[in-house]
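Below you'll find the structure, written out as structure tokens, and then a few comments.
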Amino acid sequence: MGLIDKLISTARRRSPWLLHFDCGSCNGCDIETLACLTPVYDVERFGVVNVGNPKHADILLVTGTVNLRNREVLTVLFEQMPEPKVVVAIGACGLSGGIFREAPNVVGGVDKVIPVDVYVPGCPARPEAIIDGVVLALEKFREKSKGKGEGK
Amino acid sequence: MMQTAALALAVPCAAILLGGLLSGIDRRLTARLQSRQGPPLSQPFLDVIKLMAKERMVTNPWQAFSPVASLGAAAFALVFFALQGDLLVILFVHMVGGVFLVLGAMASPSPYSQTASQRELWQMLSCETLLFLIAGALYLTTGSFRLSELSALPEPLLYRLPLLFAAFFFALTVKMRKSPFDLAGCHHAHQELVRGVFTEYVGPYLGLLEIAHWLDIVLYLAICSLFWATSTPAMILLPLAAFLAVIMLDNVAARLTWRWMLGWGWGAAFVLSALNLSWLKG
Ligand code: SF4
């Protein structure tokens, strides 16, 4: 069994499929996030694929604040992703609500609604920081295979 | 009997390895054509292993059954091919796999999956008809639908069926889910209708379908090799050339609509095939 577990854990680390969701961002963080995923950086080298379907995603990248309207969308996206899954919150807004945190319709950071594994700070978060966050997310993704995340 | 059993086991395994490798070559080559480095050749296998270890989620039991049936049909078709069986049986069994893929996709109310299923049916309609015409041509030349008769031919089938080969190339692009005819689920991730017919399949089920897709491609390339069944090097080179041509075409062509596909499939390819068949008879 040891060998199979190792194989699965390697495959998980080398085949992360990302789903990017713009929760309520000013678009600053989205531009940085998508810049990391463009062919210029060729993240497909590392097996990363930018998917448009939560049912196929392993890592959820969320930018922007959560508000009363889109919290439901965020929850549904999260629930549609099969285990094991990892959530990365990007930017000051994703972490705490950022400059929008006092707005009447704003709930706050992503972790108010769904569990967040990695926090990437910045306003906007720098591409290097986002890549760093995704790498950290990969480690968490792999670790989850040992814990409760085991697919069943 | 023992030999047949061994073949039934070895052929699908070898085809999975070959199909995965071809898919890896495809991804790397495509990346190179776009001035990227691309993933390692083992990437398709890593993807499938990861998918297999994900949570099983279904909205309808058909989504769990269909991928298994689809994979089974693809494997059976290949085994029949290796046993040099009847081409008609091979094509029918292969078609069953496609039907199950659509059944599973239609079992979900998702509009992406529904629309893509309709398109997949159109694709099957335009591509499988061509394959049956090839079977017909085989009968007209050798007097039998059995593949074993082919190696006895004095000259390659391609000399007698050049137009039918062109039509087959069209079917290959459709089957490989490559532009310009990747309407019902693009081979590249998430370009058309999210992921087309595959949208609603999750984790292990998507993994099984990916393997079934590899087997389908291997079967098509095997059928391609029939066009030059008189020499072994040509039996390898011809499918390889067709495979590379499909990838090139994928990188230079934009996606067409299903009306275009029907026009090409039933218009151009059908007329070419009929023309070819008519002179075969005379
Ligand atoms: S963190 Fe800054 S750049 Fe990012 S979405 Fe919020 S306001 Fe925009």
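Consider B:Ala229 carefully, then state whether it is crowded, with 23+ Cβ neighbours inside 10 Å, in contact with a Leu (Cβ under 7 Å, 6 or more places away or on another chain) and either within 14 Å of another protein chain (Cβ to nearest Cβ) or hydrophobic (A, V, I, L, M, F, W, C) (or both).
Values: crowded, with 23+ Cβ neighbours inside 10 Å: no; in contact with a Leu (Cβ under 7 Å, 6 or more places away or on another chain): yes; either within 14 Å of another protein chain (Cβ to nearest Cβ) or hydrophobic (A, V, I, L, M, F, W, C) (or both): yes.
For B:Ala229, the condition - crowded, with 23+ Cβ neighbours inside 10 Å, in contact with a Leu (Cβ under 7 Å, 6 or more places away or on another chain) and either within 14 Å of another protein chain (Cβ to nearest Cβ) or hydrophobic (A, V, I, L, M, F, W, C) (or both) - is not met.
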### Query
Residues in segment A:46-56: is at least one closer than 25 Å to B:Glu55 by Cβ, part of a helix (DSSP H, G or I) and touching a Leu at 6+ places or on another chain (Cβ under 6 Å)?
yes
### Summary
Note on segment A:57-77: residues among the aliphatic types (A, V, I, L, M) and in a helix (DSSP H, G or I) are A:Val73, A:Leu74, A:Val76, A:Leu77
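Residue-wise test of (1) more than 8 Å from chain A (Cβ to nearest Cβ); (2) surrounded by fewer than 20 Cβ atoms within 10 Å (Cβ to Cβ); (3) assigned to a loop (DSSP other than H, G, I, E, B); (4) among the charged types (D, E, K, R).
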site: B:Leu9; (1), (2), (3), (4): yes, yes, no, no
site: B:Ala15; (1), (2), (3), (4): yes, no, no, no
site: B:Leu21; (1), (2), (3), (4): yes, yes, no, no
site: B:Ile25; (1), (2), (3), (4): yes, yes, no, no
site: B:Leu29; (1), (2), (3), (4): yes, yes, no, no
site: B:Arg32; (1), (2), (3), (4): yes, yes, no, yes
site: B:Gly38; (1), (2), (3), (4): no, no, yes, no
site: B:Lys50; (1), (2), (3), (4): no, no, no, yes
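So that you can scan it fast, the table gives a plain yes or no per residue for (1) closer than 27 Å to B:Arg259 by Cβ; (2) in a helix (DSSP H, G or I); (3) in contact (Cβ under 8 Å) with a residue 12 or more places away in the chain:
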{"position": "B:Phe92", "(1), (2), (3)": "no, yes, no"}
{"position": "B:Ala105", "(1), (2), (3)": "yes, yes, yes"}
{"position": "B:Tyr112", "(1), (2), (3)": "yes, yes, yes"}
{"position": "B:Ser117", "(1), (2), (3)": "yes, yes, yes"}
{"position": "B:Met124", "(1), (2), (3)": "yes, yes, yes"}
{"position": "B:Glu128", "(1), (2), (3)": "yes, yes, yes"}
{"position": "B:Leu138", "(1), (2), (3)": "no, yes, yes"}
{"position": "B:Ser151", "(1), (2), (3)": "no, yes, yes"}
{"position": "B:Glu155", "(1), (2), (3)": "no, no, yes"}
### Message
For segment A:128-142, check the following and say yes or no: at least one residue is within 16 Å of the ligand (Cβ to nearest atom), away from chain B (no Cβ under 14 Å), modelled with pLDDT of 85 or more and touching a Phe, Trp or Tyr at 6+ places or on another chain (Cβ under 7 Å).
### Response
no
#### Entry: Tabulated pairs, segment B:260-276, first part of a helix (DSSP H, G or I), second of a type in the set (Lys, Arg) and at pLDDT below 80, C-beta under 9 angstrom, 6+ apart or interchain
B:Asn276/B:Arg160
### Pick from segment A:80-100, criterion closer than 21 Å to A:Lys144 by Cβ and within 16 Å of the ligand (Cβ to nearest atom), ranking: nearest to the chain's Cα centre (by Cα)
A:Val88
### Query
Which one of these does A:Ala103 not meet: (1) surrounded by fewer than 19 Cβ atoms within 10 Å (Cβ to Cβ); (2) near the ligand (Cβ under 9 Å from one of its atoms); (3) not acidic (Asp, Glu)?
(2)
#### Entry: Residues satisfying the stated conditions in segment A:21-79, i.e. of a type in the set (Asp, Glu), more than 13 Å from the ligand (Cβ to nearest atom) and under 14 Å from the mean Cα position of the chain (by Cα)
A:Asp58, A:Glu79
### Query
Which of (1) at pLDDT 90 or above; (2) more than 15 Å from the chain's Cα centre (by Cα) is the odd one out, the single condition A:Gly149 does not satisfy?
(1)
### Message
Looking at the structure I just gave you, is B:Ala73 modelled with pLDDT of 90 or more, closer than 26 Å to B:Leu164 by Cα and assigned to a helix (DSSP H, G or I)?
### Response
yes
### Query
Exactly one of (1) under 30 Å from A:Asp58 (Cβ atoms); (2) modelled with pLDDT of 85 or more is unmet by B:Ser35. Its number?
(2)
### Task
Output yes when any residue across segment A:12-30 is over 23 Å from B:Val202 (Cβ atoms), within 12 Å of chain B (Cβ to nearest Cβ), modelled with pLDDT under 90 and assigned to a helix (DSSP H, G or I), and no when none is.
no
### Query
Within segment A:2-18, is there a residue that is surrounded by 15 or more Cβ atoms within 10 Å (Cβ to Cβ), under 16 Å from the mean Cα position of the chain (by Cα), within 16 Å of the ligand (Cβ to nearest atom) and of a type in the set (D, E, K, R)?
no
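Of these, A:Val40, A:Val118, which one is within 14 Å of chain B (Cβ to nearest Cβ) and either touching a Gly at 6+ places or on another chain (Cβ under 7 Å) or more than 25 Å from B:Leu206 (Cα to Cα) (or both)? Walk me through how you get there before you give the answer.
Details: A:Val118 fails: within 14 Å of chain B (Cβ to nearest Cβ).
Going through A:Val40, A:Val118 in turn, just one is within 14 Å of chain B (Cβ to nearest Cβ) and either touching a Gly at 6+ places or on another chain (Cβ under 7 Å) or more than 25 Å from B:Leu206 (Cα to Cα) (or both): A:Val40.
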### Query
Can A:Ala92 be described as of a type in the set (A, V, I, L, M, F, W, C) and more than 23 Å from B:Leu51 (Cα to Cα)?
yes
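If you check B:Leu46 against the conditions, is it at pLDDT 90 or above and within 11 Å of chain A (Cβ to nearest Cβ)?
yes
The values are calculated or read from the model by the stated rules, or taken from the named source; none is laboratory data. This is a predicted model, so every value here is computed, not measured. Note that we place each Cβ from the backbone using ideal geometry, even for glycine, and neighbour counts take in every protein chain shown.
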